[in-house]
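The values are calculated or read from the model by the stated rules, or taken from the named source; none is laboratory data. Just so it is clear, the structure is predicted and the values come from calculations on it, not from any experiment. Cβ coordinates were reconstructed from backbone atoms using ideal geometry, including for glycine residues, and neighbour counts include every protein chain displayed.
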Amino acid sequence: MPGFPMLEVRGLHARYGAIEALRGVDIDVAQGEIVTLIGANGAGKSTLLMTICGQPRASAGSIRYEGRDIAGLATFEIMRLGIAQSPEGRRVFPRMTVEENLKLGATVADVKHYDADLARVYKLFPRLEERRAQRGGTLSGGEQQMLAIGRALMGRPRLLLLDEPSLGLAPMLVKQIFATIREINAAEGVTIFLVEQNAYHALRLAHRGYVMVNGRITLAGPASDLLANPEVRAAYLEGGH
Ligand SMILES: Nc1ncnc2c1ncn2[C@@H]1O[C@H](COP(=O)(O)OP(=O)(O)O)[C@@H](O)[C@H]1O
Ligand SMILES: [Mg+2]
């Protein structure tokens, strides 16, 4: 049951020098939803998540979070408002242990919640608890992905941005990670904006979806409609998932 508007992106542009990566993007995410953004490599998906987090800056358009324009804020201020990102490629600190990595995610949260938040992440990802003293760089790809999501959750976000959590994972692990994302949303009420190239799994998980092509949204709708849409099937689903 979607609630009030949480994230409202309007006419958003962002560029890297001469390259315009976002060319007028409109996205809405309501409180309690899982919304996915699918699109081919290079479409601008990661740029959108990064622009929401303040880096790169929006060159035009607006980003409202819980009714407030955040496009001019610094990244740490945006995080403090309850947005957390699990970036593409996981970016765990390889020399630090699992627990030290998780602790880093907690710096913006109230320290008195630390033990409870750690217990919550270990409950979602028992594998991380087993490996709490192991260095991040020695984890498998799937475990590193769990660690990146766990670290983002340590900041107690109300809006969780996930960039390709299934990238490079074996099919069994993809299922597991997506089941955990569903649990984070359903059991804990965290709103989720999920960027994926794995369109099949993302659309099966999400309530609504958007398709991005060359920095623009070309299709939007309920995830089940997009899954059945012949254009989407031809471009993102045929030939196996
Ligand atoms: N740091 C950067 N500098 C210059 N161009 C970039 C940078 N990051 C991404 N781009 C370009 O912006 C476009 C969108 O990239 P990206 O947002 O990473 O797409 P996606 O996540 O959908 O694969 C691509 O053309 C990419 O080459
Ligand atoms: Mg990307």
Note on the range 30-79: residues part of a helix (DSSP H, G or I), away from ligand 2 (no atom under 14 Å from the Cβ) and among the β-branched types (Val, Ile, Thr) are 75, 78
Do we have any residue at all in the range 94-101 that's out of contact with any strand residue (DSSP E or B) (no Cβ under 7 Å at 6 or more places or on another chain), in contact (Cβ under 8 Å) with a residue 60 or more places away in the chain, crowded, with 17+ Cβ neighbours inside 10 Å and assigned to a helix (DSSP H, G or I)? no
Residues located in the range 42-56, provided they are surrounded by fewer than 21 Cβ atoms within 10 Å (Cβ to Cβ), near ligand 1 (Cβ under 7 Å from one of its atoms) and not hydroxyl-bearing (Ser, Thr, Tyr): 42
Within the range 109-164, the residues that are more than 26 Å from residue 47 (Cα to Cα), of a type in the set (A, V, I, L, M) and free of Cβ contacts under 8 Å to residues at least 60 places away in the same chain are 111, 116, 118, 119, 121, 128, 133, 139
Leading residue by the ranking (surrounded by the most Cβ atoms within 10 Å (Cβ to Cβ)) among those in the range 70-93 that are within 16 Å of ligand 1 (Cβ to nearest atom) and of a type in the set (D, E, K, R): 90
Does the range 200-220 hold any residues that are within 19 Å of the chain's Cα centre (by Cα) and over 30 Å from residue 120 (Cβ atoms), and which are they? 211, 212, 213, 215, 216, 217, 220
May I ask you to say which residue of 67, 39, 32 is touching a residue at least 60 places away in the same chain (Cβ under 8 Å), surrounded by fewer than 21 Cβ atoms within 10 Å (Cβ to Cβ) and touching a helix residue (DSSP H, G or I) at 6+ places or on another chain (Cβ under 8 Å)? 32
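One line per residue, one yes/no per condition, for (1) closer than 30 Å to residue 119 by Cβ; (2) within 16 Å of ligand 2 (Cβ to nearest atom); (3) at pLDDT below 95; (4) in a helix (DSSP H, G or I):
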{"residue": "169", "(1), (2), (3), (4)": "yes, yes, yes, no"}
{"residue": "200", "(1), (2), (3), (4)": "no, no, yes, yes"}
{"residue": "203", "(1), (2), (3), (4)": "no, no, no, yes"}
{"residue": "224", "(1), (2), (3), (4)": "no, no, no, yes"}
{"residue": "234", "(1), (2), (3), (4)": "no, no, yes, yes"}
Residue count for the range 132-171, restricted to those that are of a type in the set (Val, Ile, Thr) and in contact with a strand residue (DSSP E or B) (Cβ under 9 Å, 6 or more places away or on another chain): 1
What are the residues in the range 187-221 that are of a type in the set (Asp, Glu) and in contact with a helix residue (DSSP H, G or I) (Cβ under 6 Å, 6 or more places away or on another chain), if any? 196
Conditions: (1) within 20 Å of the chain's Cα centre (by Cα); (2) under 26 Å from residue 4 (Cα atoms). Residue 60 meets all but one. Number of the miss? (1)
